[in-house]
1. Just to confirm, what accessible area per residue do you get for the chain at 1.4 Å probe, in whole Å²?
2. Quick one: pull the percent of accessible area on the chain belonging to carbon and sulfur, 1.4 Å probe, ligands and nucleic acids left out.
3. Between region 215-286 and region 6-78, how far is it from one alpha carbon centroid to the other, in angstrom?
4. Just the projected area, averaged over all directions, of the convex hull on the alpha carbon atoms of region 1-68: how many nm²?
5. What list of ³J(HN,Hα) couplings, whole Hz, do you get for region 400-411 from phi and the Karplus terms 6.51, -1.76, 1.60, once you set θ to phi - 60° and write x for glycine and proline?
6. Only bridges with both residues in region 1-158 count here: give the DSSP antiparallel percent, nearest 5.
7. So how far apart, in nm, are the two label points at Ala153 and Arg42 if each is 7 Å from Cα heading toward Cβ?
8. Which of Ile250, Ser410, Pro78 sits closest to the plus end of the dipole of the chain, meaning its Cα is farthest towards the positive end, when Lys and Arg get +1 and Asp and Glu get -1 on the C-beta?
Amino acid sequence: MEKVIRFIKTNSLIKKGDFIVIGLSGGADSVYLLRVLCALRRDMDLTLRAVHVNHRLREEAARDQHFAENLCRDFEVPLRVVSADVRAAAQKDKMSLEEAGREIRYAAFHEELKGKEAGKIAVAHHQNDQAETFLFRAARGTGLNGAGAMRAADLPVIRPLLCMTKREIQEELERIGQAWVEDASNEDTAYARNQIRKHAIPSLEAVNEKAVEHIASLAQDLQEAEAFLREKIKEAYQNVAEDQLGRKTIDIKQLKSQHPWLQKQIVKKALEETAGRKKDIEKRHILSVLELADRETGKRLSLPYQVIAEKNYHQLCLRKEEAQKYGENEPKGCLLQEEIKDFLNISEKDCIKIIDYDRIEKGIQLRCREPGDFFTFGPLEKRKSLSRYFIDEKVPRELRDQMPLAADGSHIVWIIGKRVSSHYEVSESTRRYLKLEFKREGDEAHAKDQRTDF
């Protein structure tokens, strides 16, 4: 038990006064976990609660529940029993029994934790579970993060027994005369993890009796390496990628200057953030995006979760596929219009322009592009379609429908953030001046009362 207590302190898993929910199946691991936490209860002023989930899959389920109830009564730990039809849940959600059982268990643990400050969920994973997880993920395909397997703390979940092997736990319980119950489903090799437990682990222990401990130690080393590399990825990502109007853009030249491994991690991070999920983002998707960087402008990829990747000149652009159609977007902000007499002290910026008020014919409207939009350029006021301008200026396709515009009918007065149509530019003959100021979404609230319509 001292070994576990040292592990808890070294990893700062528990603090004085913590409220801890214990996942109690009745197996050797969870029984030992309960006893360890009970031993710490008084000195650390812990409040303990146990949760037992009856999966209703085996004939022994009632026996296991009864054992958990008696054990908690003996140790004066309040117990909540949850009875769940795991088989029905698995069929409904198209999941395996293992997945459904896990979802139900953790939902029950989190429910017990609701409203509790400094609350934690203690589960009884040990080094054999760690080795099985490592091998399972390696066999199915994983990256550095997944190879690190389980962490001692994934708050609010803590795993105080990751320093112990299953054999050590059982020997400890036998030494103190503590009984436990065996889960017969652990012998069913229809489950992938049980195949690893029954066949792969014993084979590796035949090579080296400390194989489980060595694999668990490797997983710990990988976790530490991954934490270090995560900071390097974050730093590289900030130098290479940025958010622009709800999309991720990656500078291809900057990307190519990074180490090949970092290139993959940058793309992976951009993909995950765009998708909003990590599951199903695979290595092949990452490599496809990297290959896209070497293709011609305009080439696109469809990726999981409606993510679109596109090569736009010197950038890779990732975005969610939009359901909106052309002409249906609305600008994210507002346009302030103010007649002024003197603009010599006004500094024109990307979001502030001064125009000739008398040139306006229909009134200025803030909107996004519509069919037939045009503007003029040069002293002869040559006419150019807005679509042509976007192409010539290499404006990414997915940004064109979102670009805010100040429009006088179909004549674009100001492509906000870029240029003003030459027809509306101030000249020596200008008698009245109009100041246009675009306030982006989030900045416009304080200016709402100042808005004037013309």
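1. 55 Å²
2. The value for the chain is 45 percent carbon and sulfur by accessible area.
3. So the two Cα centres are separated by 38 Å.
4. 4.9 nm²
5. After applying 6.51 cos²θ - 1.76 cosθ + 1.60, I find 5, 7, 9, 5, x, 10, 9, 10, 10, x, 8, 8 Hz.
6. 10 percent
7. The two pseudo-label positions are separated by 2.7 nm.
8. Farthest along the dipole direction, towards plus: Ser410.
The values are calculated or read from the model by the stated rules, or taken from the named source; none is laboratory data. The structure displayed is predicted, hence computed values, not measured ones. Positions of Cβ are generated from backbone atoms using ideal geometry, with glycine treated the same way; all protein chains shown enter the neighbour counts. Protein only, heavy atoms only, side chains kept; ligands, DNA and RNA dropped before computing areas. Shrake-Rupley method; radii C 1.70, N 1.55, O 1.52, S 1.80 Å.
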